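The values are calculated or read from the model by the stated rules, or taken from the named source; none is laboratory data. Small disclaimer: the values here were computed from a predicted structure and weren't measured. Here the Cβ is made from the backbone with ideal geometry for all residues, glycine too, and neighbour counts use every protein chain on show. For the accessible areas, the whole protein counts, side chains as well, though only heavy atoms, and no ligand, DNA or RNA atoms are used. Shrake-Rupley method; radii C 1.70, N 1.55, O 1.52, S 1.80 Å.
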Amino acid sequence: MGAGEGGGEMAAAAVSLDGVRDKNVMQLKKLNTALFPVRYNDKYYADALASGDFTRLGRSRLLPALDLKEGGAICVYIMTLGVLAPYRGLGVGTKLLNHVLDLSHKQNIWEIYLHVQTNNDDAIAFYKRFGFEITDTIRNYYMNISPPDCYVLSKVIPQPHSKK
């Protein structure tokens, strides 16, 4: 994610989240190019199309991109979550991340993790506000960008207690 989110609850309410489909996958490609220093291959976009409810694009003149890849049966891997600079601080990233948290809970997935470049202080602070913690550092994770290192941020969602 490019920058931190703050406030903007009324603006976030106006954002609708749309699934990624064949007809709008080019929009996702353009957003990723604008938002991230990493270039994604065709498999990434095929996975985005196949991930169903997890992958979302924001509409209503706010143009965030969220692509999530399930990391097995018990966790979710957030591959990308980005908000274009003019729309940061309006609650768009909050709405996108809350979508992931809510959907994970509904599907009984209790762990979410992601990678963040070590110098992306805004993104790290954003995720920490949602209870994510730095759990690892991976050296030389990124190619052709500096710094090449990333943090792994993880969040374990408390499971509801079963009633007897």
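Of the helices (runs of 4 or more DSSP H) lying entirely inside the stretch 1-78, those carrying at least 2 residues that are basic (Lys, Arg) and modelled with pLDDT of 80 or more are 25-35. Among residues of the stretch 39-67 that are within 24 Å of Ala85 (Cβ to Cβ) and hydroxyl-bearing (Ser, Thr, Tyr), those with a beta-carbon under 8 Å from a residue that is modelled with pLDDT under 70 and assigned to a loop (DSSP other than H, G, I, E, B) at least six positions away or on a different chain give the pairs Ser60/Ala14; Ser60/Val15; Ser60/Ser16.
Within the stretch 111-143, the set of residues being in contact (Cβ under 8 Å) with a residue 40 or more places away in the chain, open to solvent by 50 Å² or more (accessible area, probe 1.4 Å) and not in a helix (DSSP H, G or I) comprises Glu111, Tyr113.
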